[in-house]
2 protein chains.
Amino acid sequence: MTTAMQLTNVLKTLADPTRRAVFERIIREGEIAATGLVQGSKVSQPAVSQHLRALRDAGLVAERREGRHIHYRVAPKGLSPLIDWLGHYETFWAERFANLERLLKESE
Amino acid sequence: MTTAMQLTNVLKTLADPTRRAVFERIIREGEIAATGLVQGSKVSQPAVSQHLRALRDAGLVAERREGRHIHYRVAPKGLSPLIDWLGHYETFWAERFANLERLLKESE
DNA sequence: CAGTCGTATAAGCAATTGCTTATATATTCG
DNA sequence: CGAATATATAAGCAATTGCTTATACGACTG
């Protein structure tokens, strides 16, 4: 079960374009250290670090320490609050997401 | 095609709990006037009006004037940026939403 | 050990947000 | 017309946000 607060957190976290870009980069790379994320980012290292903290707090990414580096990867269940919410209202979207909730349940 | 800005708008708009509650209420009621939304809301009439403006600007609701009342309803395509984005990254979610993109295309 | 690399935290600041009260704009009714 | 109803806008304000620079922490290296 996901709470409204978790959903709010996920939405807020993804709503910032810079932070979402970091998240998308992590998705594409599979696993990447903070250093790699700073390179090619428009903002400073502390800014990236703060975004990573926000992403972790929202449950969207997980980390794995390896020496001095911390490798970030997507947390599979991080988007659940969002998917759950969409699924919960699926019947209102004119059958658009007819199978979404079923797919969600199968994946648990 | 949806832009990153549209996605940002949708996410930001839904990220506020009060505004999201207004949106969910519109979903449940099907169609409801602003007055109805103010009743049972924790915030003032102007606050609700501002939330409705934000929802409309984000493309999430549409309005229909009827005399003095303005009835709000969900805009079917409003969530497209969000769904598109989820669908775009579906292959990274470990097959979790394997059919999402297909479902999306069918509904156009 | 001291130095350096990778990352996080602190402090400060401008911009944005969400609310309020007060007022304006429609629209209908008598 | 004038009063009442439904909604929107204006102005102001406290809280939050996202960034910066500066500094601290942690782990490796020589």
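Since every read-out is calculated from the coordinates, none of them should be taken as a lab result. Model, not experiment: these values are computed from the prediction. Reconstructed Cβ throughout: ideal geometry from the backbone, glycine too, with neighbour counts over all protein chains shown.
For the stretch B:1-96, trypsin sites (Lys or Arg not before Pro) meeting the loop criterion (DSSP other than H, G, I, E, B) and having at most 13 other Cβ atoms within 10 Å: B:K42, B:R68.
Legend: ranking of residues A:I70, B:I27 from fewest to most surrounding C-beta atoms inside 10 Å; resulting order A:I70, B:I27. Take A:P46, move 7 Å from Cα toward the beta carbon, and the resulting point lies 3.7 nm from the same point in each other copy, nearest first. Between identical copies, the spacing of B:K77 label points, each set 7 Å from Cα toward the C-beta atom, reads 3.7 nm from nearest to farthest.
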